[in-house]
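**Student:** Sending over a structure as structure tokens; questions will come in a sec.
The values are calculated or read from the model by the stated rules, or taken from the named source; none is laboratory data. Keep in mind the model is a prediction, meaning the values are calculated, not measured. Note that each Cβ is placed from the backbone with ideal geometry, even for glycine, and that neighbours are counted across all protein chains shown. Note: accessible area is taken over every heavy atom of the protein model, side chains too, but ligands, DNA and RNA are not part of it. Shrake-Rupley method; radii C 1.70, N 1.55, O 1.52, S 1.80 Å.
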Amino acid sequence: MTMRDDHSLAGELATEAGERLLELRARLGFEDGRALKDAGDRASHEFLMDALRRLRPDDAVLSEEATREERMDPRRLSAERVWIVDPLDGTREFSEQGRTDWAVHVALWERGALTAGAVALPAQGRTLTTAAPPELPEKVREPFRIAVSRTRPPEFVRELAARHGGELVPIGSAGAKIAAVLTGEVEAYVHAGGQYEWDSAAPVAVAVAAGAHASRIDGSPLTYNQGDPWLPDILVSLPDLAPTLLAGIRDLHRQTP
Ligand SMILES: Nc1ncnc2c1ncn2[C@@H]1O[C@H](COP(=O)(O)O)[C@@H](OP(=O)(O)O)[C@H]1O
Ligand SMILES: [Mg+2]
């Protein structure tokens, strides 16, 4: 392979990992969901680790599927370049026949900020990348739609939508939900209660490159490559909707701390 820029590399790796996951899904079928999930996590992780080791040998990597020791390796904390990857986001949905809301995340963090990233949505036949960020819808649709976890929607988001005339849309995978914001299927994604850096790094890199709002739900910045990769809440939205949602969340939390 020739030397390529980080944006293209993120896109190519996420896309190829996704193609391998589609093949695996076709080969193993859906009878044994546990086996399919485990095989998908492992195959995608190994492909991405091998490729990054070969193509970016000097960079550190933080992957969901690495061992705890690898994830806690302090060398990444002093590294200038760290790839943050989720080899299979929405593992649950990957194991359910017919579902297309699962993703491969590949992000690059450099000296304090996300600088490149890609989210492959293999079953939707597309990859969103910082190489060519999607064009955001110009206007916020009314009623606006908030994507939430299918299985763990935060309690307050129902009330938030009700107060501001919004609708909830359950979708699996953080990457698929943020992609839905960027492609105009929903206007926002709100999550709280738990998540890790790899769940949001790549989709946030693409969202920011596209001009979307991305922050913690209190409006503070999302920070990556921390010692503890726990990053429990997130708001991604069209920029014009962010002030309403941030104020709405603040009000709700004031009332029910
Ligand atoms: N409360 C929680 N604690 C830890 N991880 C969570 C979580 N809620 C969601 N996630 C993770 O965020 C991703 C998107 O979840 P959801 O589809 O429910 O919105 C999933 O990643 P993985 O599929 O990579 O494990 C899921 O494990
Ligand atoms: Mg994930």
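**Student:** Can you figure out the FRET efficiency of R4 with R216, using R₀ = 41 Å and their beta-carbon distance, to the nearest 0.05?
**Tutor:** The formula returns an efficiency of 0.80 here.
**Student:** Using a 1.4 Å probe on the protein heavy atoms only, what accessible surface does L55 show? Give it in Å² to the nearest 10.
**Tutor:** My reading of the accessible area for L55 is about 30 Å².
**Student:** Sticking with this one: Where both residues lie in region 145-255, what percent of DSSP beta bridges are antiparallel, nearest 5?
**Tutor:** Expressed as a percentage, antiparallel bridges in region 145-255 total about 55.
**Student:** Based only on Cα atoms, what mean projected area does the convex hull of region 145-255 have, in nm²?
**Tutor:** 6.3
**Student:** For region 50-77 and region 162-234, compute the distance between their C-alpha centroids and round to whole Å.
**Tutor:** 23
**Student:** I need the phi-derived Karplus couplings for region 239-255: 6.51 cos²θ - 1.76 cosθ + 1.60, θ = phi - 60°, integer Hz, Gly and Pro marked x.
**Tutor:** x, 5, 8, 4, x, 4, 5, 5, 5, x, 5, 4, 4, 4, 6, 5, 6
**Student:** As a check on your grasp of the helix formula, calculate [θ] at 222 nm for the chain: sum -39500 (n - 2.57) over DSSP H runs of n ≥ 4, divide by the residue count, round to the nearest 500.
**Tutor:** -12500 deg cm²/dmol
**Student:** What does the extension gain come out to for Q226 and L55, with contour length at 0.36 nm per residue minus their alpha carbon separation?
**Tutor:** In short, 59.1 nm is gained.
**Student:** Related question: What are the residues whose amide H is under 5 Å from the amide H of L62, where those residues sit 5 or more places off or on another chain and H is modelled from the backbone?
**Tutor:** W83, I84, V85
**Student:** Net charge within 12 Å of A120 by Cβ-Cβ distance, Lys/Arg positive one each and Asp/Glu negative one each, not counting A120 itself?
**Tutor:** Its environment carries a net charge of -3.
**Student:** While we're on this one: Hey, quick one: spin label on R34, modelled 7 Å out along Cα-Cβ, who in region 68-98 has an amide N within reach, i.e. under 19 Å?
**Tutor:** 91-97
**Student:** Between H253 and T151, how high is the FRET efficiency from 1/(1 + (r/R0)^6) when r is the Cβ-Cβ distance and R₀ = 30 Å? Nearest 0.05.
**Tutor:** 0.85
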